[in-house]
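Below is one structure, written out as structure tokens; the observations come after it.
The values are calculated or read from the model by the stated rules, or taken from the named source; none is laboratory data. This is a predicted model, so every value here is computed, not measured. Here Cβ is always computed from backbone atoms with ideal geometry, including for glycine, and neighbour counts include all displayed protein chains. Only protein heavy atoms, including side chains, enter the accessible area calculation; ligands, DNA and RNA are left aside. Shrake-Rupley method; radii C 1.70, N 1.55, O 1.52, S 1.80 Å.
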Amino acid sequence: MEKNLAKTYDPKDFEDRIYEAWETSGAFRAERDPDRKPFTIVMPPPNITGQLHMGHALDQTLQDVLTRFRRLQGYSALWLPGSDHASIATEVKVVEKLREEEGKEKEDLGREEFLKRAWEWKRVYGGKITKQCRKLGDSCDWERERFTMDEGCNKAVRHFFVQLYNKGLIYRGNRLINWCPQCGTSLSDAEVEHEDQTGSYWYFRYPGADGGEGIVVATSRPETMFGDVAIAVHPSDERYKDLVGKNVILPLVGKEIPVITDIYPDPEKGTGAVKITPAHDENDFMVGQRNDLPTVCCINEDATMNEVAGKYEGMDRYECRKAWVKDLEEAGYLVKIEEMVIPAGTCYRCHTVVEPMLSDQWFVKMEDLAKPAIEAAKKGDLRHVPERFEKIYLHWLEEIRDWCISRQLWWGHRIPAWYCEDCGELIVAEEDPTKCPKCGSGNLRQDEDVLDTWFSSALWPFSTLGWPEETEDFKYFYPTDVLVTGYDIIFFWVVRMVFSALETTGSVPFSDVYVHGLVRDAQGRKMSKSLGNGIDPLEVINQYGADALRFMLTTGITPGNDMRFKEDRLEAARNFANKLWNASRFVIMNLQDENGEFLPMLKCCEDCCGHACCNDAALTGDLKDEDKWILSRVNDATRYITDTMERYDLALAGQRAYDLIWNEFCDWYIEIVKGRLYGDDEEDKKVARYVLVRVLKSVLTLLHPFMPFITEEIWSYLPHGDAKADNPNNFIIRADWPEYNEALTFPAETEKLEMAMSVIRAIRNIRAEAEAAPSKKLSAVILCAEGREAVVEAGERYIKNLANITQISFIEDKKDVPEETMSAVVDGAEVYIPLDELMDYRAELDRLTKEKKRLEGEVKRAAGKLSNEGFISKAPAKVVEEEKAKKVMYEEMLAKVADRLAVVEAKLK
RNA sequence: GGUCUGCUAGCUCAGCUGGGAGAGCGCAUGGGUCACAACCAUGAUGUCGUGGGUUCGAGCCCCGCGCAGACCACCA
């Protein structure tokens with residue numbers, strides 16, 4: 001009974017089984033091996049709220065391809081997985097759940113009970129996404145899995161916070177921050193998105209306190225007028241010269257506010273006069289500070305109006321806007337309305353319009369932290385791939401403002417700061433203090449707020465390796481090698497990891513940042529929940545297999561650019577897997593006898609396994625030309641794939657593996673070798689078996705990072721030499737990456753094979769043009785060009801088998817060319833096919849005419865180049881020589897085609 | 001307003017440091033050939049957005065323009 005792959009490729013038959021085998025055998029475990037170099041990637045931790053989506057699939061596949069590649073190369077490869085507590089996102093989900101299931105608000109439960117629910121959420125849903133990662137084939141070290149809010153991360157967060165605080169880099173201050181009324185918390189600048197909304201500019205008159213005309217100002221947010229403390233104009237603005245220093249009246253409110261000058265107003269914009277509301281606008285806040293103005297807050301945290309708004313108190317900000325405008329209009333203060341597109345800042349979580357608010361918050365002082373992070377990129381310690389993203393990174397850091405890190409939420413790392421209720425002392429400490437160091441009171445209250453989620457994410461590359469402890473893992477695996485992420489989170493995350501790492505560990509957290517694009521739908525739209533155009537990776541895996549999905553995601557893309565998710569590309573990837581499957585089935589079939597026992601193979605040594613480690617060079621005496629040709633192709637691809645992988649050009653590497661397997665191995669080598677396998681030369685069969693195993697193992701290894709499951713499954717059916725026969729851990733995931741070998745280039749054999757291939761293609765073309773059935777046996781007459789006889793004649797066996805030719809006559813004289821033939825001219829030979837009664841001179845005429853035209857074009861092009869004085873004198877000699885050789889070649893071919901054409905034309909007369 | 005990306009075969013996209021335009025899908029023709037019809041063979045299709053420039057030579061480098069998109073800034 002033959003022990004072979006199933007008749008049809010069905011990834012469901014083996015993907016889960018193989019993953020399980022990898023995991024239980026410890027194949028993903030990274031050892032601290034001093035003899036090997038480490039290769040480390042930390043996984044961007046998915047949110048515990050999340051479902052695996054296409055973005056994760058892309059991000060993780062890229063990481064897995066890199067990890068598997070380095071592991072095969074012999075590195076001690078660690079891909080460290082984990083998940084993120086996602087402070088805001090999770091809290092929102094838990095609150096929603098509570099509301100739906102119990103009809104309660106979080107305040108009804110209280111902080112402690114609410115946190116219990118949140119941890120429960122984490123327990124139930126937190127593992128979901130990591131299970132989904134397994135479906136993708138992620139080869140991460142699950143034994144080192146971390147969570148951004150586990151004990152170690154919490155320790156790291158506290159340590160970092162205290163360190164920054166003691167250095168004066170964290171401070172508490174009353175400043176203008178972005179407030180999300182829906183989420184009920186402050187946000188950092190990075191968490192605010194800019195959206196264009198349709199809105200209006202309302203022009204209102206603020207009458208003069210002296211009974212004069214006063215001044216007209218425009219605003220898009222009339223409800224903030226209650227917080228107005230001044231009207232500002234530019235010092236050079238002649239129009240308002242007389243009003244400066246006087247007071248105007250806030251309409252209907254009756255309050256008097258001064259007209260002041262400041263450099264902020266732009267005389268070109270609006271009326272040139274700006275109302276100043278320091279409590280609700282960043283620019284106004286700065287004007288207020290410069291001019292010593294008071295701040296008047298008129299909006300509550302839930303976006304309703306406060307008592308300053310008088311009769312509008314309690315109204316929502318937009319309701320108030322409507323009523324207030326109406327009242328002002330009726331009172332005659334409204335001058336005009338302009339419809340405008342108003343850019344609005346919105347919350348990145350709930351898309352509510354954020355309200356700038358004056359508030360007590362914790363901040364990280366950015367100036368000193370940003371500098372080393374900028375330097376690191378400029379010096380080249382931190383390399384962006386593609387390079388252009390460095391510009392974005394630098395721009396953000398150069399423009400950065402202080403980072404608001406406190407959040408008015410419950411789920412997250414609580415700020416390690418305490419207030420003494422007796423003396424008011426502020427205590428910031430890693431360990432919970434028991435009494436006030438100043439007055440000794442035990443009456444301490446911890447700050448209610450938690451930290452921005454990204455504060456803990458910023459420590460991820462080192463907190464996961466044990467920092468702040470100097471653990472063995474930290475010493476061996478840190479700094480990490482590459483961070484893989486989408487360009488959409490450079491600001492949130494990459495930047496912050498870099499400055500945090502430089503501040504704490506003294507080195508960049510990773511030397512490379514590999515930035516990828518977004519996965520869009522087939523129409524090029526962003527995949528989103530609201531559009532409902534998201535595609536579930538798990539469904540895709542179910543239908544096409546994980547390997548197909550992975551291959552589709554990693555090939556046909558350009559680093560840093562978005563990609564479209566097209567079903568036909570997925571199908572193509574699946575078809576490729578199917579092709580490999582069938583080719584492998586063919587190989588295995590020919591390695592075994594009818595009992596499924598492996599037949600003898602040529603060996604390079606006692607333990608010969610037919611893998612990349614084998615010494616092919618020692619066997620060249622036994623190898624046939626085609627064997628050497630395919631080995632040289634594998635060798636060439638090995639170099640190319642290794643190089644492109646090392647430069648992160650994964651798409652090019654994957655494409656080369658595809659071409660190698662399909663076009664070179666399947667279409668040519670396997671077709672050629674069939675003749676030998678079905679023949680009766682037993683010694684030669686051993687050679688063929690060796691080469692088949694050797695080549696298949698190499699291509700499987702080269703493809704393994706992209707398609708881990710199918711390559712592992714096929715691997716398990718191959719013979720692995722005496723030494724590995726009983727090793728249950730003989731997995732391809734642990735194999736050796738092939739190395740380029742100068743001894744395997746075989747230029748002479750390659751020339752012979754390529755000669756034969758062009759003759760075969762020419763004959764097949766004649767067949768098709770003459771509409772002769774592929775099954776029809778034909779004979780051929782070949783006239784070799786001078787000096788090329790040996791090269792051409794070496795191809796006899798291939799030509800017979802692959803072009804279905806029964807007999808070939810090699811002739812030396814043009815006179816011996818038979819009459820009734822169709823012909824083709826290739827470089828080095830003329831091929832004639834007698835077609836007897838099928839002979840179609842019309843078809844032949846068409847073919848030759850077309851070919852003549854093509855060759856004329858080629859000759860003209862080459863001649864044109866060569867007659868160019870500048871080209872001859874300035875182009876490199878090598879290029880000129882090549883061009884000359886081409887010209888000669890095409891001229892010869894053209895002459896032959898022209899001769900032949902004359903013969904055919906004569907026939908037709 | 002600033003920065004960046006894209007514009008290549010009907011569609012989706014490759015094209016490394018400048019040296020004769022590629023793939024997949026689709027299309028046409030022929031083929032159940034003993035690994036594979038999720039296949040095989042053969043073939044057709046491109047003023048590489050546009051106008052200049054540099055160069056012996058430009059899809060690739062430089063400048064201008066057009067169209068599409070992204071990000072940052074902007075909320076009088």
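Here are some notes:
- In the set (1) within 16 Å of RNA strand B (Cβ to nearest atom); (2) more than 23 Å from A:Leu176 (Cβ to Cβ), the condition left unmet by A:Tyr476 is number (1).
- Residue pairs meeting the criteria (Cβ under 8 Å; at least 6 apart or on separate chains; first open to solvent by less than 60 Å² (accessible area, probe 1.4 Å), in region A:261-280; second hydroxyl-bearing (Ser, Thr, Tyr) and near RNA strand B (Cβ under 7 Å from one of its atoms)): A:Gly270/A:Tyr201; A:Val274/A:Tyr264; A:Lys275/A:Thr219
- Meets criteria (buried (at least 19 other Cβ atoms within 10 Å of the Cβ) and closer than 28 Å to A:Tyr678 by Cβ) for A:Ala803: yes
- If you go through region A:785-800 and keep only what is surrounded by 14 or more Cβ atoms within 10 Å (Cβ to Cβ) and of a type outside the set (Ser, Thr, Tyr), you end up with A:Ala785, A:Arg788, A:Glu789, A:Val791, A:Val792, A:Glu793, A:Ala794, A:Gly795, A:Glu796, A:Arg797, A:Ile799, A:Lys800.
- Among the residues of region A:881-909, those that are open to solvent by 50 Å² or more (accessible area, probe 1.4 Å) and hydrophobic (A, V, I, L, M, F, W, C) comprise A:Ala885, A:Val888, A:Ala895, A:Ala902, A:Val903, A:Ala906, A:Leu908.
- Flag: A:Ile782 matches the condition of being farther than 22 Å from A:Tyr669 by Cβ, crowded, with 20+ Cβ neighbours inside 10 Å and away from RNA strand B (no atom under 12 Å from the Cβ).
- Looking only at region A:162-193, and only at residues there that are part of a loop (DSSP other than H, G, I, E, B), in contact (Cβ under 8 Å) with a residue 12 or more places away in the chain and out of contact with any strand residue (DSSP E or B) (no Cβ under 8 Å at 6 or more places or on another chain), the one that is farthest from RNA strand B (Cβ to nearest atom): A:Gly168
- Of the helices (runs of 4 or more DSSP H) lying entirely inside region A:537-636, those containing at least 1 residues that are touching a residue at least 12 places away in the same chain (Cβ under 8 Å) and among the basic types (Lys, Arg) span A:546-554, A:567-589.
- When region A:298-320 is filtered for residues that are of a type outside the set (Asp, Glu) and either within 45 Å of the chain's Cα centre (by Cα) or open to solvent by less than 30 Å² (accessible area, probe 1.4 Å) (or both), the ones remaining, listed by number, are A:Cys298, A:Ile299, A:Asn300, A:Ala303, A:Thr304, A:Met305, A:Asn306, A:Ala309, A:Tyr312, A:Arg317, A:Tyr318, A:Cys320.
- Output for region A:439-466, where each listed residue is open to solvent by 20 Å² or more (accessible area, probe 1.4 Å) and free of Cβ contacts under 8 Å to residues at least 24 places away in the same chain: A:Cys439, A:Gly440, A:Gly442, A:Asn443
- Test for A:Thr61: is it within 22 Å of A:Ala458 (Cα to Cα), surrounded by 15 or more Cβ atoms within 10 Å (Cβ to Cβ), in contact with a Leu (Cβ under 6 Å, 6 or more places away or on another chain) and at pLDDT 95 or above: no
- Of the residues examined, A:Gly103 is not one that is without any contact (Cβ under 8 Å) to a residue 24 or more places away in the chain, within 30 Å of the chain's Cα centre (by Cα) and surrounded by fewer than 20 Cβ atoms within 10 Å (Cβ to Cβ).
- In region A:242-255, residue nearest to A:Leu328 (Cα to Cα) [restricted to those that are open to solvent by 40 Å² or more (accessible area, probe 1.4 Å) and more than 58 Å from the chain's Cα centre (by Cα)]: A:Gly254
- Residue match in region A:184-192 (condition: open to solvent by less than 20 Å² (accessible area, probe 1.4 Å) and more than 47 Å from the chain's Cα centre (by Cα)): no
- Considering the conditions (1) more than 8 Å from RNA strand B (Cβ to nearest atom); (2) surrounded by fewer than 16 Cβ atoms within 10 Å (Cβ to Cβ), A:Thr554 is excluded by exactly one of them, (2).
- Any hit, region A:743-757, residues being of a type in the set (Gly, Ala, Ser), within 21 Å of A:Trp668 (Cα to Cα), open to solvent by less than 20 Å² (accessible area, probe 1.4 Å) and within 13 Å of RNA strand B (Cβ to nearest atom): yes
- Among residues of region A:1-52, those that are of a type in the set (S, T, N, Q) and either in contact with a Cys (Cβ under 6 Å, 6 or more places away or on another chain) or farther than 22 Å from A:Met707 by Cβ (or both), counted: 4
- Residue within region A:587-596 that is surrounded by 14 or more Cβ atoms within 10 Å (Cβ to Cβ), polar (S, T, N, Q) and either under 31 Å from the mean Cα position of the chain (by Cα) or away from RNA strand B (no atom under 16 Å from the Cβ) (or both) present: no
- Identity of the residue in region A:604-641, within 13 Å of RNA strand B (Cβ to nearest atom) and over 16 Å from A:Thr750 (Cα atoms), that ends up least open to solvent (accessible area, probe 1.4 Å): A:Ile641
- Filtering region A:534-552 to residues that are within 15 Å of A:Ala657 (Cβ to Cβ) and not basic (Lys, Arg) leaves A:Asp547, A:Ala548, A:Phe551, A:Met552.
- Residues satisfying the stated conditions in region A:506-526, i.e. within 13 Å of RNA strand B (Cβ to nearest atom), surrounded by 17 or more Cβ atoms within 10 Å (Cβ to Cβ) and not in a strand (DSSP E or B): A:Gly517, A:Asp521
- Residue list for region A:108-117, filter: assigned to a helix (DSSP H, G or I) and either open to solvent by less than 80 Å² (accessible area, probe 1.4 Å) or under 17 Å from A:Ile88 (Cβ atoms) (or both): A:Leu109, A:Arg111, A:Glu113, A:Phe114, A:Leu115, A:Arg117
- Within region A:809-858, the set of residues being open to solvent by less than 20 Å² (accessible area, probe 1.4 Å), of a type outside the set (Gly, Ala, Ser) and near RNA strand B (Cβ under 10 Å from one of its atoms) comprises just one member, A:Leu855.
- Of all the criteria given as (1) under 30 Å from A:Ser716 (Cα atoms); (2) modelled with pLDDT under 95; (3) among the β-branched types (Val, Ile, Thr), the one not satisfied by A:Val587 is (2).
- Those residues of region A:471-502 which are acidic (Asp, Glu) and either modelled with pLDDT of 95 or more or open to solvent by less than 10 Å² (accessible area, probe 1.4 Å) (or both), in sequence order: A:Glu472, A:Asp473, A:Asp481
- Enumerated helices (runs of 4 or more DSSP H) restricted to region A:667-753, each holding at least 2 residues that are at pLDDT 95 or above: A:671-677, A:682-703, A:708-715
- Leading residue by the ranking (farthest from A:Lys12 (Cα to Cα)) among those in region A:118-147 that are open to solvent by 70 Å² or more (accessible area, probe 1.4 Å) and without any contact (Cβ under 8 Å) to a residue 24 or more places away in the chain: A:Trp119
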